[in-house]
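Working notes, beginning with the structure itself.
Read the figures in this text as sums done on the coordinates, not as results from a lab. Computed from a prediction, not measured in an experiment: that's the story for all the values here. Backbone-built Cβ (ideal geometry, glycine too); neighbour counts: all protein chains shown.
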Amino acid sequence: MVMISDRPPEIEDRAVPGHWEGDLIIGSTSSKSAIGTLVERTTGYVMLLHLPGDHTARTVADAMIVAMNTLPEQLRRSTTWDQGAEMSRHQEITMATGMPIYFCDPHSPWQRGSNENTNGLLREYFPKGTDLSFHGPGILENVAAELNRRPRKRHGYRTPAEVLATLISNPTNQTGVADTT
């Protein structure tokens, strides 16, 4: 494991896009269900991982590899995650995506603040104690799209989707994404 203290400084200041924070939101104990959550630190763009049936390391690794490999290379720089057992295949994810994974200190959710905030927003859609396996990929895509269409003050009231689209269409501009022009 590579700890968050070894993460490059460029990740901390959010100036360079392509650095993600990830976690799981867990459903009811009886269903053993979960949804993987990924938030890009610069834009606030959200991706949700459908984890049908379980949230084992194999299931999470497969879902992350598929999701992250849909992104352009400039948006695949790193991921920061907690030390949950679901990330025991982190080296496999890194090899398949080219993205190093950094791990937070134990019991330090503030080290993934963007993701923790997003998980709070997601609980409006997916309440604690409910069976999350009920929500298929289409529902997860709709919820992520709704969050990605919410204007953000930090982006001059542009949405994460707009900011991300600007980055993808102009890959040479890798800083200054909070510009309002």
- Using a basic spin-label model with each label point 7 Å from the Cα along Cα→Cβ, how many nm lie between Thr130 and Thr70? 2.2
- Item | Scaled radius of gyration (Cα, divided by 2.2 N^0.38 Å) that region 4-86 gives | 1.14
- Message: Could you give each residue of region 53-70 its phi-based ³J(HN,Hα) in whole Hz, using Karplus coefficients 6.51, -1.76, 1.60 with θ = phi - 60°, and x for Gly or Pro?
- Response: x, 6, 10, 6, 4, 5, 5, 5, 4, 4, 5, 5, 4, 4, 5, 5, 6, 7
- Would you compute the Debye intensity of the chain from its alpha-carbon atoms alone, equal scatterers and no solvent, and pass along log10 I(q)/I(0) at q = 0.08 Å⁻¹ to two decimals? -0.23
- Mean ellipticity per residue at 222 nm, deg cm²/dmol - from DSSP H runs of n ≥ 4 across the chain, formula -39500 (n - 2.57): -9000 deg cm²/dmol
- Message: Taking the Cα centre as origin and putting +1 on Lys and Arg beta-carbons and -1 on Asp and Glu beta-carbons, what dipole magnitude results for the chain, to the nearest 20 debye?
- Response: 340
- Item | Translational diffusion of region 66-142, µm² s⁻¹ [Kirkwood Rh, Cα pairs; Stokes-Einstein; 25 °C; 0.890 mPa s] | 169
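What's the Kirkwood radius of region 23-71 in Å, using all Cα pairs? The partial results should precede the final answer.
Values: mean 1/r = 0.0882 Å⁻¹.
It works out to 11.3 Å.
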- Please give the peptides 105-112, 15-22 ranked by average Cβ packing (other Cβ atoms within 10 Å per residue), highest first, as a rough proxy for protection. 15-22, 105-112
- What is the distance, in nm, between label points placed 7 Å from the Cα along the Cα-to-Cβ direction at Tyr157 and at Leu121? 1.7
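What does the extension gain come out to for Asp105 and Asp13, with contour length at 0.36 nm per residue minus their alpha carbon separation?
Numbers: separation 92, 0.36 × 92 = 33.12 nm, distance 1.87 nm.
Value of the extension gain: 31.2 nm.
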- Item | Neighbour net charge for Arg152 - beta-carbon separation under 11 angstrom, K R +1, D E -1 | +4
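Compute the signed sum of charges (Lys and Arg +1, Asp and Glu -1) over the other residues within less than 10 Å, Cβ to Cβ, of Thr43. Walk me through the intermediate numbers first.
Working: positive: Arg14, Arg41, Arg152, Arg154, Arg158; negative: Glu40, Glu162.
Around Thr43, the charge tally is +3.
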